[in-house]
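Asker: Structure provided below as structure tokens; questions to follow.
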């Protein structure tokens, strides 16, 4: 394997989007370079060269290298099950080793060219035309039935048409929760910790600055976790986009980069805690979120002092009220962002049910939130009463039209 071929392989893998995180690209490039140079890597080498650890680094006290290697291995497996299924050469990272293996893909599909004699052409054309006609008739019948099942909103629906009729792909961004961990020790279980006040790498670093004694107790991990609402959200929005994987792509908020926001439409579903780099969008809206205690501040005129009041959501595991926010706005002449934010799982589920309901726009009209036509861009505040993943009552508290673009700022 030469370096030029390895570079071409890496470029194709990076372009797929599975390795969008800079640390993943850096680590994979490092492993390949050392493999090609014949270097035998140790865990300590990777910790120092990639993660900036010092000479005193002890693998038994930290799983940072193992965690990232595990993540790289899983992403390679996922890539070769999807876009890389037909790659001629595959990369493998055996367990317990840091040497990359280059293997020929024996399952690769290669087209075969068949030469036909001239006197077969006439009969072949008749057979092909007949077969194609039957195939497309049958296929059309199947698609008609499938479309009935998949179509839950029309292409020209005022809420969704900016996504469904766009020439650009839409990325469904799932808000994932930040966790950290206790350093791994031999013969001990790994312990992962979720702190509601630590929601990003920056929050974790600030926590360590305030509590220096915690530096020896906790380390970062690339792992995150998802809310109970995620399976429903993915299923529902997949149906909105007719199951078209070219129009709807899915990413975790922790994997989102600003090139994604600049070049695609975005639908974010999650908690305010999981917005990460997109949190600045909230500064442009009439609603502000306070986490402790849970509150929504409503500012009709975009001010903190005039006509502003708050709604409080008392979170508990029993029945309680949630106050979901949805905001849809343009960021450029071609790109649109929709944010769906709430404290609880049932708030996100019920909000999406409302937005995909065929009667929702009529409901807005009947309740005098809109006069006739649904504006393409808007802010809505709901109130939902429920528990866990089940909402029982959903009300619309406020509706406002958005009339200007929200300019994208690079906050990486």
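FYI, it's all coordinate maths here, none of it is from the lab. Everything numeric here is computed off the predicted structure, so don't read it as measured data. With ideal geometry, Cβ positions are generated from the backbone for all residues, glycine too; neighbour counts draw on all protein chains shown.
Asker: Given a 10 angstrom Cα cut-off, can you work out which residue in 46, 104, 13 is the most mobile in a GNM of the chain?
Answerer: 104
Asker: With springs connecting C-alpha atoms under 10 Å apart, model the chain as a Gaussian network and identify which of 210, 161, 353 has the largest mean-square fluctuation.
Answerer: So, out of 210, 161, 353, the one fluctuating most is 210.
Asker: Same structure again: Provide the three semi-axes, in whole Å and in decreasing order, of the ellipsoid equivalent to the range 342-412 as defined by the square roots of 5 times the Cα gyration tensor eigenvalues.
Answerer: Whole-Å semi-axes of the equivalent ellipsoid: 23, 20, 9.
Asker: What share of the DSSP beta bridges in the chain is antiparallel, in percent to the nearest 5? Numbers along the way, then the final one.
Answerer: Details: 41 of 56 bridges.
Counting DSSP beta bridges with both partners in the chain, the antiparallel share is about 75 percent.
Asker: Based on the mean of other Cβ atoms within 10 Å per residue, sort peptides 378-386, 68-76 so the most packed one is first. Mind showing how you got there, number by number?
Answerer: Working: 378-386: 20.6, 68-76: 17.9.
Going from most to least packed, we get 378-386, 68-76.
Asker: Now a separate question. Over all alpha-carbon pairs of the chain, lay out the pair-distance distribution in 10 Å bins, whole %, shortest bin first.
Answerer: For the chain, the binned pair fractions read 4, 17, 25, 23, 17, 10, 4, 1, 0 percent.
Asker: What is the ratio of the Cα radius of gyration of the range 177-225 to 2.2 N^0.38 Å, with N the residue count, to two decimals?
Answerer: Computed over Cα atoms of the range 177-225, the ratio equals 1.11.
Asker: What ratio of Cα Rg to 2.2 N^0.38 Å holds for the range 3-104?
Answerer: Dividing the Cα radius of gyration by 2.2 N^0.38 Å gives 1.07.
Asker: So if we plug the beta-carbon distance of residue 182 and residue 249 into 1/(1 + (r/R0)^6) with R0 = 30 Å, what FRET efficiency do we get, rounded to 0.05?
Answerer: After rounding to 0.05, the efficiency reads 0.30.
Asker: Using 7 Å Cα-to-Cβ label points, what is the residue 129/residue 12 separation (nm, one decimal)?
Answerer: If labels sit at residue 129 and residue 12, their model points lie 3.9 nm apart.
Asker: Continuing with the same structure: Which FRET efficiency, nearest 0.05, do residue 404 and residue 372 yield, Cβ-Cβ r, R0 22 Å?
Answerer: The calculated FRET efficiency here is 0.50.
Asker: Sticking with this one: Treat each spin label as a single point 7 Å out from the Cα along the C-beta direction, and report the residue 2 to residue 139 distance in nm.
Answerer: My value for the distance between the label points is 4.1 nm.
Asker: So for the range 1-61, what are the equivalent ellipsoid semi-axes in whole Å, largest first, each being the square root of 5 times an eigenvalue of the Cα gyration tensor? Numbers along the way, then the final one.
Answerer: On the way: eigenvalues 119, 48, 10 Å².
Rounded to whole Å, the semi-axes are 24, 15, 7.
Asker: Just the Kirkwood number for the range 228-401, please: inverse of mean 1/r across all distinct Cα pairs, in Å, one decimal.
Answerer: 16.9
Asker: Taking the chain as a Gaussian network, where each spring joins two C-alpha atoms under 10 Å apart, which residue of 32, 193, 266 fluctuates the most?
Answerer: Highest fluctuation of the listed residues: 193.
Asker: For residue 26 and residue 297, what is the calculated FRET efficiency with R₀ set at 25 Å and r taken between the beta-carbons, to the nearest 0.05? List each step's numbers first, then the result.
Answerer: Details: r = 41 Å, r/R0 = 1.62.
So the FRET efficiency works out to roughly 0.05.
Asker: Further question: Tell me the relative contact order for the range 228-401 as a rounded percent, counting alpha carbon contacts under 8 Å between residues six or more apart.
Answerer: This gives 21 percent for the range 228-401.
Asker: When only C-alpha pairs under 8 Å and at least 6 residues apart count, what is the relative contact order of the chain, in percent?
Answerer: Rounded, it is 13 percent for the chain.
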